[in-house]
Amino acid sequence: MKANLFSSRIGGTAAVPPSKSAAHRAVLCAALAEGTSRIENIEYSQDIRATLGAVAQLGAKVTEEPHAVSIQGRGAGSGFVTVTRPVFCNESGSTLRFLIPLFSLTAQKIHFTGAGRLFDRPQAVYQMLFDSQGLRFTQEPDGITVFGRLRPGAFKLPGDVSSQFVSGLMFAAPLMESDSLIEVLPPYESRSYVDLTLDNMQQFGIKAAQRARKNGSVVYRIPAPQTYTACDVTIEGDYSQAAFLAVLGCVLGGVTVTGLNPESKQGDKVIMDILQRCGGKCKAVDGGLKFGRSLLKATEIDLADCPDLGPILFTLGCFCSGETILRNAGRLRIKESDRIAAMQTELEKMGARIQVEGDTVYIYGTALRAPDRPLNGHNDHRIVMALAIAAAAGGLPATILGAEAVNKSWPAFWQVLQSLGERVEFEE
């Protein structure tokens, strides 16, 4: 789908979608719990649908409503059902990495399939873990096959790779035969996502302890066997998605964002600190945060703990005076697209000045211009949204190819942008 954006006057109030990170975790805990859990404020993005479909294959009973889902879990006593077909994870790295250890507990031969660049993403951590226990783990272009039940024990995981590996092992550990220790070695990146995992597990009755060692590692002790217990939860607003509206508001002013939890443990909440360092104006109003037009200045940003903010920070840098520096950006290359190359290529069509040296990106603030050819969304939801905000914030007409990619995480993105005054027309 092609989206044609036209220069428009922006302003108004918009609600952010529910946190995809929190929803993945709540769905998994509910599926493992004894009893029926109700999850309110859920949005059926492609990623969340992948996780819902997968837990149904474990034997959970899923009942969908427009903005809520009820899940009758299997519980530790009921055990898992026979898995009769491949587990389709679409393009969701969270779904795949969270579920590999859990499905191994079925002791069945399981084949995971997906779409897009999902199996281009590294899985060496699980390869090492399965190999160490003499279990089968095979990755091929069409998917991953595992065979054999993971056993409890002492696990050492590198901290400078995706935290999804840590979370995946944590979800499974309480269902094993005895206690496990999970040591995450320094440097420990994206720790906030593991904190979010632990928070969700504890809501569903799981006990765990953590402590830091002098060498900089963090050790988690997870007693087992334990039982997840049903829990009703409401998914909070997503800071990684709010970042798009917040940047738009700080450039143009007059944008109010609702649905955010000021006490959230989401790592992407750091967008508020980043905007403050850049001189972004924000004040609390009834039910939300109002972002005012700001004279933005460049700053240095470490992406180690917030890689999902990468694309919109490229856009932000274009509107900041001076040199914005994004450090530890390397993980952006192994997402749904090579996000470094994609954002550099597309923003340069709009006159942006961007330099890449290894895992560091330098963005030089400059006035953007209307692109003389279509922008490519690279089949990546965050690239599409970041480019749309660049065009809207610059008051520039633009055409974005692959506009439907937003369905992966925020299906209502275009409607929200239109509700703020942006004129968008679509072509098949």
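The values are calculated or read from the model by the stated rules, or taken from the named source; none is laboratory data. Quick caveat, the model's predicted, so the values are computed rather than measured. Cβ atoms come from the backbone with ideal geometry, glycine included; neighbour counts cover every protein chain shown. Just the protein is used for accessible areas: all its heavy atoms, side chains included, with ligands, DNA and RNA removed. Shrake-Rupley method; radii C 1.70, N 1.55, O 1.52, S 1.80 Å.
Quick notes on this structure:
- As a fraction of the 1.4 Å probe accessible area of the chain, surface on carbon and sulfur atoms comes out at 48 percent.
- Folded to 0 to 90 degrees: helix 191-203 orientation relative to the chain principal axis, Cα: 50 degrees
- For the range 188-203 versus the range 72-102, the inter-centroid distance based on Cα atoms is 20 Å.
- Folded to 0 to 90 degrees: helix 93-104 orientation relative to the chain principal axis, Cα: 0 degrees
- Solvent-accessible area of L387 with every protein chain in place, 1.4 Å probe, in Å² to the nearest 10: 0 Å²
- When all protein chains stay in place and ligands, DNA and RNA are ignored, the 1.4 Å accessible-area order of L150, L135, largest first, is L135, L150.
- Dipole magnitude for the range 355-419: about 180 debye, using +1 per Lys or Arg Cβ and -1 per Asp or Glu Cβ, origin at the Cα centre.
- Charged side chains reduced to their Cβ positions (Lys and Arg at +1, Asp and Glu at -1) give the range 318-428 a dipole of some 300 debye around its Cα centre.
- Compared with the dominant principal axis of the Cα atoms in the chain, helix 20-32 is inclined by about 20°.
- Taking Lys and Arg as +1 and Asp and Glu as -1, the other residues whose beta-carbon sits under 12 Å from that of V233 total -2.
- Separation between Cα centres of the range 358-428 and the range 124-178, rounded to whole Å: 37 Å
- Antiparallel DSSP beta bridges within the chain, percent to nearest 5: 75 percent
- Per residue value of the accessible surface for the chain (all protein chains in place, 1.4 Å probe), Å²: 38 Å²
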